[in-house]
Structure formats: structure tokens, C-alpha cells
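Down below is the structure, laid out as C-alpha cells.
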Amino acid sequence: MKPRLPWFSIGALALLLVLALAGPWFSPFDYYTPEWDQPDLPVGASWAHPLGTDALGRDLFVRLMWSCRISLLVALVASLISLVIGVSWGVAAGYFGGRTDAVMMRLVDILYSVPFTPFVIVLTVLFGRHLLLLFVAIGAVSWLDIARIVRGQTMALRHREFVVAAEIAGAAPWRIMSTHIVPNLMGIVIAYLTLTIPTVVLTEAFLSYLGLGAQSPLTSLGVMLADGAAQMRSRPVMLVLPAVLLVMLVYCCNRIGDALRDRHVA
Amino acid sequence: MGRYLLSRLLSSIPTMLAIVTLAFVLLRAAPGGPFDTEKEMLPEVRASIEKAYHLDEPLPVQYLRYLGDLLRGDLGPSFQYPDESVNDLIASGLPVDLTIGGLALLLACLVGIPLGAFAAWKRGGFFDRIAATLSLVGVSIPVYVAAPLFILLFAVTLQWLPAGDWGGGAPRHLVLPVLSLALPYIAYVTRIMRASFMDVLEQPWIRTARAKGLSPRQVLFRHALRPALLPLVAFLGPAVVGAITGSIVVETTFGLKGIGQFFVLGAFNRDYTLVMGVTVLYGALIVIANLTADLCQGLLDPRVRLQ
């Protein structure tokens with residue numbers, strides 16, 4: 001029996017996505033223009049600003065929705081890059097086997113022993129001014145799990161009849177891998193994509209919270225958390241709302257990813 | 001045992017070398033240097049500064065010089081704090097990290113082991129379901145969410161505890177940092193211990209112990225605890241890595257002067273030697289933590305052969 005899909009998490013995530021994508025259209029404000037002419041900043045909720053503003057007079061609702069957009073965009077880019085590298089690496093290692101496999105997987109083992117977080121902070125020194133480049137780099141160093149899983153699955157598919165048939169028919173290795181093996185990995189790959197996205201969202205929030213990620217006026221969930229932590233005495237909402245959004249986003253993605261993985265691995 | 005220890009230590013050399021080399025290459029590939037200032041610097045001044053820090057030498061020479069200093073335990077001078085060496089900075093910050101990280105992991109074990117044990121004992125019961133839900137929530141809350149929320153609740157609203165500052169390590173100042181760092185670990189330890197106690201409780205010797213009429217506490221903590229601890233020990237090695245990450249956030253949030261704080265400031269200011277030094281230290285800590293975890297597994301279960 002296949003495990004049931006977590007419909008509550010799917011619904012909550014869909015709602016969040018619709019809000020993040022459509023929300024800013026319904027507001028006349030943008031996320032980066034400060035409004036200095038307010039009497040005392042940050043201002044509370046009003047008709048113009050349904051959630052109030054931050055310490056620079058920028059609309060809180062618009063900034064929250066933009067930070068969801070940016071956190072998700074960055075996570076998607078990094079996850080897709082790690083996916084492309086991880087799948088190619090894993091399929092090649094699993095398909096060719098033997099010494100190629102041994103060398104490729106030995107490299108994965110060595111990279112596993114490099115401490116991830118200190119390393120990402122070193123990467124911010126290199127790409128800190130450019131958020132998207134930073135996450136291209138993060139994607140490029142976080143493909144190890146996917147490579148291992150894909151290698152295992154490829155080895156299981158390697159000697160199935162349709163692969164052997166294609167080999168006998170004289171298909172080139174590249175063609176066998178791309179048309180016969182990779183399509184059969186799609187289920188597990190999508191499951192791991194949903195599990196990689198929340199980890200990257202957390203990495204981004206971690207870096208931005210420390211001030212090493214998204215730079216002002218750009219925003220992200222980590223920036224909003226840091227801003228909120230600075231303003232918690234005057235407006236606790238500024239801290240609580242991004243906290244709730246982040247935890248919700250990560251929790252929903254993890255639930256969905258777990259369910260998808262269980263359906264494909266069981 | 002001695003041979004195993006030696007071979008493990010030898011095999012960690014390439015790992016450490018890889019960490020040092022990668023960090024060195026990445027930092028030197030970064031645009032901009034530690035002495036780029038708003039003001040235009042006289043070329044002579046710049047040249048003499050670069051000469052003093054050996055930045056005028058070719059990169060391979062700088063790299064070998066760094067490795068040589070490292071072997072002698074010298075992490076070099078800090079570029080940003082000219083009066084102090086990286087060794088001094090690390091020595092001043094390490095006690096903070098060890099206190100907070102150690103207490104947090106200790107707290108996680110003290111709370112998580114009994115929680116997991118009783119959840120497994122009353123499997124499927126009310127307590128089990130509460131523990132499962134709470135631990136799922138705990139795993140989803142990162143330190144940088146928990147820490148400011150704790151400050152908001154306990155320091156700003158209720159005013160029970162101070163919102164930051166080391167305070168000479170007074171217990172009042174330690175409660176919130178340790179608690180926010182420990183929260184996810186309590187959740188992880190509870191989950192791991194619940195699963196592993198459930199495995200162990202199925203074993204025949206546990207059935208014997210229960211048949212003898214021993215109380216749940218005697219069965220759980222005298223007969224089941226030792227074998228059930230194995231997965232936890234395997235988890236605690238890598239957990240040290242997470243505690244390092246978490247303590248960077250905790251230090252920033254609570255304004256503590258630990259190593260993580262220096263690391264973040266170093267990354268801001270392109271303080272090459274400081275960032276390198278902390279990276280090397282973290283790498284070494286992780287290698288030691290994993291080695292200790294493997295050795296402890298051998299002590300807990302004589303069937304684990306160390307070779």
C-alpha cells in the first residue's frame with residue numbers, strides 16, 4: 001500500500017506560493033523604497049500597510065512575500081544545480097562501475113568529510129556580493145547525497161532487460177543513460193528535490209541572518225528574521241511572522257518530500 | 001587498539017590537507033583584499049604592509065609557508081586585529097564555545113534519553129504520541145528562529161533572564177543560549193533513542209528481565225540502555241558539527257565573544273588568516289569528534305571490532 005500524501009502540507013505550501021507570487025501585486029508599495037516621512041517608525045497596522053512597516057518605512061507584507069519569493073528562488077536554483085551534478089555523477093558511476101565507480105565515489109567520500117557550514121561561510125567571502133552566484137556555488141557543493149542515491153538506483157537498473165536490449169542493439173552509453181536510465185530515476189529524483197529545497201532555504205536563512213547572504217535592500221526570510229530580532233522590542237510581529245513563515249515552509253516541504261520518497265523507495 | 005588509533009589518525013591527514021587547501025585557494029581567489037580601505041593608501045605603505053604579512057610572495061610560497069606554520073601550531077597574525085595572533089583570538093573564544101556547546105549536548109542527552117526510553121516503553125500510547133509530535137516540531141525549528149523567539153519571550157516580555165552578554169559565564173546568562181542551541185538536539189536525541197529502544201526492547205534478554213519481574217526503570221536503564229546507546233553515539237560525532245553551526249548563530253544573537261563571532265567577522269572583513277584558522281580548527285574538531293564516537297562504540301559493544 002502506498003502511503004497517503006500529506007494533503008494538509010501540500011495545501012499550506014500551495015497557499016504560501018500563491019500568496020508569495022500574487023501578493024505583492026495587490027499592494028501599491030515595493031520592497032525596497034524607504035518612506036522616511038512617517039511620524040515614528042516602524043508604524044503599526046493600517047489600511048495602507050496591513051501588517052505595518054519595518055524600521056525604514058517599507059511595507060512589511062510586501063517585504064515578507066518578496067522574501068518568500070527570493071528564498072524559494074535561491075533554493076530552487078541551488079537545488080536544480082545540485083540535482084544536475086548529482087544525477088550525472090551518480091548515473092555515470094553506477095553505469096560504468098568498476099574502477100571509474102571506485103574513483104568517483106572515493107571523491108564523494110572525501111568531499112563528505114569537508115565540514116559544510118564553515119565551508120559555505122568561506123564561499124561567502126568569494127561570492128558574498130552576489131546572492132545568486134553564491135547559491136550556484138552552494139548547489140555545486142551539495143550534490144553528494146543525490147549522487148549516492150542515484151548511483152545505487154542506477155546499479156539496480158543496469159542489468160535490467162531493457163538496458164541490456166539497448167546495449168545489444170548497439171546504443172551508445174550516453175544514449176542508454178539519457179533515454180533508458182534517467183527517466184526511470186525521475187520519481188526518486190523529484191522526491192530528493194523536495195527534500196533539498198528546504199535544506200537550502202535553511203542555509204540561505206542562516207547566512208542572511210548572520211548578514212553574509214542577501215544584502216540590503218534585497219530581502220529574504222533570513223534578512224527578515226535578523227531585522228525582526230533587532231526590532232523585537234517595538235514590534236514583535238516583525239520577528240514572529242518571518243519565523244512562522246520559515247518554519248511552515250520548511251516543515252511542509254519536508255513532509256511532502258518524505259512522503260514522496262517513501263512512495264518510491266518502499 | 002593502538003594500531004587502529006594510529007591508522008585512523010593517519011587517514012585524517014588527507015582530509016585535513018584537503019580542508020586547508022580548499023579554504024586557502026577559495027580565499028585567495030576572492031576579489032579584494034583585507035587592506036582595501038575607503039581611503040587611497042600610499043603605494044609605499046601598502047607595499048610595506050603586504051611585505052610584513054608576506055602577501056607579496058608568490059601564492060605557492062605563501063601556501064607552503066602557511067602549512068609550515070600550521071605544523072608548528074602557529075595560525076599566524078590576524079589582519080583585522082593587528083595586536084593579536086589568531087591563536088590568541090581562538091584561545092579567548094574557545095571557552096565560550098565549549099561551555100555552550102558542551103552544556104547543550106549534555107542537556108540534549110539528559111532530556112532526550114529518558115524521553116525516548118519512556119516513549120518506546122509505552123509505544124503508541126499517549127506519551128509516545130506527544131513526544132513524537134514535539135520532536136517533529138523541534139527538528140523543524142532552526143536555532144536562528146528559536147534564539148530570538150526565546151529572547152522575545154523570556155527576556156523582553158517576561159523579563160526573567162538577561163537577553164544577552166556573557167556575564168562572566170554566570171548561570172543566568174547561560175540559560176537562554178544553551179536552551180536555544182539544545183532544542184533541536186533534544187528532538188533528535190528523543191527520536192533516535194525511541195527508535196533504538198524499540199529495537200532493543202524486542203530482544204530475548206529484555207523479555208527475560210521483564211519475566212523476572214523487574215520494574216520498568218530497572219529494565220530500561222540497567223538492561224536496555226547500554227545497547228540502545230550505540231546509535232546515539234554514532235549520531236553525536238556528526239552532531240558536534242551542528243553544534244558548531246548553531247553556536248555561530250547563538251553567539252551572534254546573544255552577543256557572546258566566541259569563535260563563531262570571530263569567524264563571521266573574519267568573513268566580513270576578509271581576514272584571511274582568521275577565517276583559515278577557524279576553518280582548520282573546526283575541521284580538526286570534527287575529525288576528533290568522529291574518532292571519539294567510533295572509539296566509544298567499541299567500548300559500548302564488544303562485538304564492534306576496531307580494525
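The values are calculated or read from the model by the stated rules, or taken from the named source; none is laboratory data. The model shown is predicted, which means the values in this text are computed figures rather than measured ones. Positions of Cβ are backbone-derived with ideal geometry, glycine not excepted, and every protein chain shown enters the neighbour counts. Keep in mind that these areas ignore ligands, DNA and RNA; they rest on the heavy atoms of the full protein, side chains included. Shrake-Rupley method; radii C 1.70, N 1.55, O 1.52, S 1.80 Å.
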- [ ] For region A:1-153, compute Rh as the Kirkwood radius over C-alpha pairs and then the Stokes-Einstein diffusion coefficient at 20 °C and 1.002 mPa s; write the answer in µm²/s, rounded to an integer.
- [x] 113 µm²/s
Open item on the list: If the only charges are +1 at each Lys and Arg Cβ and -1 at each Asp and Glu Cβ, what is the size of the charge dipole of region A:59-265 around the Cα centre, to the nearest 20 debye?
Closed with: 40 debye
Task: Shape parameters for region B:80-132, alpha-carbon atoms, Rg then Dmax in Å - done: 20.1, 61
Open item on the list: From Cα pairs below 8 angstrom and at least 6 apart in sequence, can you work out the relative contact order of chain B, rounded to a whole percent?
Closed with: 26 percent
Task: Ellipticity estimate at 222 nm from DSSP helix runs (n ≥ 4, -39,500 (n - 2.57)) divided over chain A, nearest 500 - done: -23000 deg cm²/dmol
Open item on the list: Rounded to whole Å, give me the distance from the Cα center of region B:222-243 to that of region A:104-164.
Closed with: 27 Å
Task: Taking region A:15-142 and dividing mean pair separation by its residue count, relative contact order in percent (alpha carbons under 8 Å, at least six apart) - done: 21 percent
- [ ] Determine one quarter of the surface area of the Cα convex hull of chain A, which equals its mean projected area, and express it in nm² to one decimal.
- [x] 17.0 nm²
Open item on the list: Calculate log10 I(q)/I(0) of the protein assembly as shown for q = 0.06, 0.08 Å⁻¹, where I(q) comes from the Debye formula with a single equal point scatterer on each Cα and nothing for solvent.
Closed with: -0.36, -0.65
TODO: Per DSSP H run of n ≥ 4, the term is -39500 (n - 2.57); total these for chain B, divide by its residue number, and report the mean residue ellipticity at 222 nm rounded to 500 deg cm²/dmol.
DONE: -24500 deg cm²/dmol
- [ ] Keeping all protein chains in place, calculate the accessible area per residue for the protein assembly as shown (probe 1.4 angstrom), answer in Å².
- [x] 49 Å²
Task: Computed Kirkwood radius, in angstrom, where 1/r is averaged over Cα pairs of region B:187-307 - done: 17.2 Å
Task: Share of carbon and sulfur in the accessible heavy-atom surface of chain B [1.4 Å probe, %] - done: 65 percent
- [ ] Beyond 18 Å, what share of the Cα-Cα pairs of region B:1-152 is found? Please give it as a whole percent.
- [x] 77 percent
- [ ] With a Förster radius of 60 Å, plug the Cβ-Cβ distance of B:A52 and B:T208 into 1/(1 + (r/R0)^6) and report the FRET value to the nearest 0.05.
- [x] 0.25
Open item on the list: Under 10 Å, Cα contacts only: if you run a Gaussian network model on chain B, which one of B:V175, B:V275, B:V61 comes out with the highest mean-square fluctuation?
Closed with: B:V61
TODO: Compute the distance in nm between two label points, each set 7 Å from the Cα along the Cα-to-Cβ direction, one at B:A18 and one at B:R3.
DONE: 2.6 nm
- [ ] State, as an integer percentage, the relative contact order of region A:108-184 based on alpha-carbon contacts under 8 Å between residues 6 or more apart.
- [x] 21 percent
- [ ] Any chance you could list P(r) for region B:115-255, counting all Cα-Cα pairs in 10 angstrom bins from zero, rounded to whole %?
- [x] 11, 32, 28, 20, 8, 1
TODO: Between B:G283, B:G73, B:G112, find the one with the highest GNM mean-square fluctuation for chain B; connect C-alpha pairs within less than 10 Å.
DONE: B:G73
TODO: Give the ranking of B:Y66, B:Y188, B:Y81 by solvent-accessible surface, highest area first, calculated with a 1.4 Å probe.
DONE: B:Y188, B:Y81, B:Y66
Open item on the list: For the interface of chains B and A, what total accessible area is buried with a 1.4 Å probe, rounded to the nearest 100 Å²?
Closed with: 3100 Å²
Open item on the list: Using Cα springs under 10 Å in a Gaussian network model of chain B, which residue among B:F24, B:F268, B:F254 shows the largest mean-square fluctuation?
Closed with: B:F268
Open item on the list: Can you give me the C-alpha center-to-center distance between region B:96-134 and region A:242-262, rounded to a whole angstrom?
Closed with: 22 Å
TODO: In square nanometres and to one decimal, what's the mean projected area of the convex hull around the Cα atoms of region A:109-242?
DONE: 10.8 nm²
TODO: Report, as an integer, the average count of C-beta atoms from other chains found within 10 Å of each Cβ along B:138-151.
DONE: 6
Open item on the list: Can you list the residues in region A:118-141 whose accessible area drops by at least 10 Å² when all protein chains are present, compared with the chain alone? Use a 1.4 Å probe, heavy atoms only.
Closed with: A:P118, A:F119, A:I121, A:V122, A:L123, A:V125, A:L126, A:R129
TODO: Express in % the proportion of alpha carbon pairs of chain B at distances exceeding 26 Å.
DONE: 58 percent
Open item on the list: Given Cβ point charges of +1 (Lys, Arg) and -1 (Asp, Glu) and nothing else, what value in debye, to the nearest 20, does the dipole of region A:12-121 about its Cα centre take?
Closed with: 540 debye
TODO: Could you tell me what percent of the accessible area of region A:59-265 is made up of carbon and sulfur, with a 1.4 Å probe and every protein chain present?
DONE: 66 percent
- [ ] Just name one of B:L220, B:L152, B:G164: the one whose Cα is farthest towards the positive end of the charge dipole of region B:94-256 (beta-carbon charges, Lys/Arg +1, Asp/Glu -1).
- [x] B:L220
Open item on the list: Placing +1 on the Cβ of each Lys and Arg and -1 on the Cβ of each Asp and Glu in chain A, which of A:L144, A:V125, A:H159 has its Cα farthest towards the positive end of the resulting dipole?
Closed with: A:H159
Task: Calculated from backbone phi, Karplus (6.51, -1.76, 1.60) coupling profile of region B:114-127 in Hz, x at Gly/Pro - done: x, 4, x, 5, 6, 5, 6, 5, 9, 3, x, x, 4, 4
TODO: Please report how far the C-alpha centroid of region A:179-222 lies from that of region B:181-219, rounded to the nearest whole angstrom.
DONE: 36 Å
Task: Under Karplus coefficients 6.51, -1.76 and 1.60, residue-wise ³J(HN,Hα) of region A:159-166 in Hz, glycine/proline x - done: 10, 6, 4, 5, 6, 4, 4, 5
